[in-house]
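Structure, as C-alpha cells:
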Amino acid sequence: MTKEGYIKDFISDLEVKATPEEVEAVQVFAKQLVEDYGYPKSYIQTRPQWRVKVRPSDTKKSYPVDIAAFTSEKHTEDTIFLIVECKKKTRRDGKTQFQDYLRFSKAQLGVWFNGKERLFLRKIEKAGRVEFKEIPNIPKFGQSIDDIGALKRRDLKPTHNLRAIFRAIRNHLAANAVGTTRDETLAQQLINLIFCKIYDEKFKKPNDIVEFRVGIEEGPKKVEKRIKELFKRVKTKYKEVFEENDEIKLDAKSIAYVVGELQNYCLLEAERDVVADAFETFIGPSLKGAQGQFFTPRNVVKMMVDILDPDENDLIIDPACGSGGFLIESLKHIWTKLDAKAKEYGWNERELKKEKMEASFNNIRGIEKDSFLAKVAKAYMAIIGDGRSGIFCEDSLDKPSNWNVKTRQKIDLSNFSVLFTNPPFGSKIPVKGDEKLKQFDLGHKWKKNRNTGKRERTNKLKDKEAPQILFIERCLQFLDYGGRMAIVLPDGIYGNESLGYIRQWLLEQGRIVAIIDVPIETFMPNTSTKTSILIFQKLRKEEIPENYPIFMAVAETCGHDRRGKPLADDDIKKVSGEFKDWAEKNSFKFK
C-alpha cells in the first residue's frame, strides 16, 4: 500500500513524493523509455538519482538528474548515455542550465521535458569546444545516434503513450510554428501529417525505408519536400477526407519536429482508442464551444452505446456528429461483437477484417454542419476504418431535399435503427426561417385545449426555436419504427412547464425507455448546462404500451471535477450495467 501523497517509481519501484513534475514528467518519460524506446529498466536510473557536476571546477557531482540512461547495466560515468531533466507543466525554464549539466557529464544526449513539451539535444565536442544541436528524437535501445530516422517499416512499433506525445506536439507548434498558430488550423495541419504517416505505413513493405522520417543530419527543407510529395499521394487516396486545395502549411522546422516525434511509432497497429484519445487531446482546444460544440466525454459516449447495444445489422446515425465520438465508439462496439462471432464460427483473420470493413462502410452515418468538424470526423473514421467515410457536411435541420446529392444517396429519413447524438444547445443559436420550421410539429406554436387540457399544435409557425428542440423531432424522423435513440438534452426539456407540449408530443411517438441524470460537472469546464440522457424507442401508436416501467438513474459523479481534473469516482461507468440488470428484471428488449 503506497503512502498517501506518494507514488511508486516506475523504474526503481521505490516510493517517491507525488510532486507535479514527478507525476506529469518523470514517470511519463521513464515509461516511454521502456515501452517506446525499448530500454531495459536495469539500464535506467531514477532513484537514487544520478548526479552530475554543476561547474567544471567542482570536485564532486552535486546536481541530481531526474533520469539517467546507460549503455550497460553498470551505471558509471563511462557508460552514461542520456540524461533527462524534468519540470512541472507550468515551467518552461531551465533549458540553458540543463545544457551545463549535459556539458559536464559524459552523456552524449539530453532530454528536457515538462510533461507538455520535449526538447532533444545532442552534445557535440570538437576542437575543445562543446556545442549543442537539437535533434528530432533519441535512438531506440541498441541503435546509435546515427540510426535516428533510418527506419524500415518493420521497425515501427505501436505505443500506449500517444496522448503525451500529441500534447507535446500541440504545445510545441502553438509556441513555435511560424504563420500557423490558431488551434483549428494547427489541428487541421496535424490531420494532414497523420494521414501522411498512415499512408506511409500502409503502403510500405516490411524492409522498405519509410518516407515519414527525419534523419539525424537531414535539414528541415529536405524533410518538408519529402512530406509534401507524400501528401499529394494522400489526397488522391483519401478523397473523402481531403479537398484538392488542401495543403501542408506548417513551416519546414515544424514539419520536421512533428515527423521526428512520430516517426518511431506505428499508428496503424496502435490500439484504436489510444489513437483516438491522442487525436482528441490535440484537437480539443480548437473546439471550445463556438456553436455549442463540445466533445461528449468518453465515459458518457460508451455508456450510451452500451445501452443501445448496436450490432452489424444496425444502421447507425449521429445527425450532429461533431468529431465523431459516438460513431467511433459504435463501430468499436460492433467490432468487439464481430471478434466474438469470429471466435465462435472459426473465421480466419481475412474474413474477420472483411466483416469489420463492411461494418465501417455500411453501418455508420454522420451529419455535421461545421466543415472543420466534419473533416475531423472523416479523419477519425479513416484512421480506425478503411477511409470510405459515411460522414457528410450538411445542416441536419435543413430540408433533406436541399442536401447534396451524395448525402441523399446515403441518408434517408425513417431508415435508421440506432441514433446517438448530443445536439447543439442554446437560445443564442436559434433556428429561424419558415422553410426550416414548417418541417417540424415543434416548429409550430402550441396551445392548450380548454376542454381536454391537452396541448394542440396550431398552424402558426414560431419566429425561432432552440436547435435542441427541433433536433428531438428530426432524430425521430431519422428512425424507422422500432428504432432506438440516445440523446443528451438539457434538463429543462424534462421539467419546465412551458415545454410540456414537447413531453406530450414525445409520448405520442413511442416509449421512454430511460432517463439518466448526469452531474453538472459532466461537460465542465466547457459548459455548465445541466443535462440528462434520454433513451427512447420509436413505435407506431398502436404499439405504445399504456403503462410501462422507465429506467431512472442519477449519476452523482462523472470521473472529473469542475475544472476537468480526473477523479477516481465515476458513477457513469456503472449505469449501463445497472440498465442491463433492470432490462432483464423487467423483461425489456429493444428488438
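The values are calculated or read from the model by the stated rules, or taken from the named source; none is laboratory data. Being a predicted model, the structure only gives us computed values, none of them experimental. Note that each Cβ is placed from the backbone with ideal geometry, even for glycine, and that neighbours are counted across all protein chains shown. Surface accessibility is based on the protein's heavy atoms, side chains included, excluding ligands, DNA and RNA. Shrake-Rupley method; radii C 1.70, N 1.55, O 1.52, S 1.80 Å.
Worth a mention:
- With respect to the chain, whose longest principal axis is taken over its alpha-carbon atoms, helix 298-308 is tilted by about 40°.
- For GluC sites (Glu not before Pro), the sites in the stretch 1-105 that DSSP calls loop and that have at most 14 other Cβ atoms within 10 Å are 4, 73, 77.
- The stretch 20-67-the stretch 371-385 distance, computed between alpha-carbon centres (Å): 39 Å
- Mean Cα-pair separation over length for the chain, i.e. relative contact order, pairs under 8 Å, 6 or more apart, %: 8 percent
- For the residue pairs 17/60; 41/140; 369/399, the C-alpha atoms sit more than 18 angstrom apart in 17/60.
- Protein-only accessible surface order, largest first, of 552, 524, 304 at 1.4 Å: 552, 524, 304
- Summing Lys and Arg as +1 and Asp and Glu as -1 over all other residues whose Cβ lies under 10 Å from the Cβ of residue 113 gives a net charge of -2.
- Proximity of backbone amide H atoms, modeled 1.01 Å from N, is registered between residue 513 and 535, 536, 537 at under 5 Å, excluding neighbours fewer than 5 places apart on the same chain.
- When peptides 441-453, 159-171 are sorted by average Cβ neighbour count within 10 Å, with the highest value leading, the order is 159-171, 441-453.
- Radius of gyration and Dmax over the Cα atoms of the stretch 376-520, both given in Å: 16.8, 59
- Fraction of beta bridges assigned by DSSP in the chain that are antiparallel (%, nearest 5): 65 percent
- Dividing the summed -39500 (n - 2.57) terms of all DSSP H runs of n ≥ 4 by the residue count of the chain sets its mean residue ellipticity at 222 nm at -10500 deg cm²/dmol.
- Local net charge near residue 455, Cβ-Cβ under 9 Å (Lys/Arg +1, Asp/Glu -1): +3
- Rounded to whole Hz, the Karplus (6.51, -1.76, 1.60) HN-Hα couplings of the stretch 250-264, x for glycine and proline: 5, 5, 4, 5, 5, 4, 4, 4, 4, 4, x, 5, 9, 4, 6
- Of all aspartates and glutamates in the structure, the ones whose alpha carbon falls short of 17 Å from that of residue 249, not counting any fewer than 8 places away in one chain, are 183, 184, 224, 229.
- Here the stretch 96-206 has an Rg and Dmax of 16.7, 47 Å, counting Cα atoms alone.
- Three-way shape label, the stretch 1-95, alpha-carbon gyration tensor, a/c 1.5: oblate
- Rounded, prolate or oblate (a/c below 1.5 giving rounded, otherwise prolate when a/b exceeds b/c) for the stretch 457-535 by Cα gyration tensor: oblate
- Point-charge dipole on Cβ atoms (K/R +1, D/E -1) for the chain, about Cα centre, debye to 20: 1140 debye
- Whole-Hz couplings from phi, Karplus 6.51/-1.76/1.60, listed for the stretch 510-520; x for Gly and Pro: x, 10, 6, 8, 7, 10, 10, 7, 10, x, 4
- Options 189, 173, 223, ranked by Cα towards positive dipole end of the stretch 169-228, top entry (Cβ charges): 223
- Debye intensity ratio I(q)/I(0), log10, the stretch 38-146, q values 0.12, 0.21 Å⁻¹ (C-alpha model): -0.39, -1.26
- Ranked by the mean number of other Cβ atoms within 10 Å per residue, highest first, peptides 539-549, 328-338 order as 328-338, 539-549.
- Whether the stretch 480-586 is rounded, prolate or oblate, judged on the alpha carbon gyration tensor where a/c under 1.5 counts as rounded: oblate
- In terms of the mean number of neighbouring beta-carbon atoms within 10 Å, the peptides 373-384, 407-418 order highest first as 373-384, 407-418.
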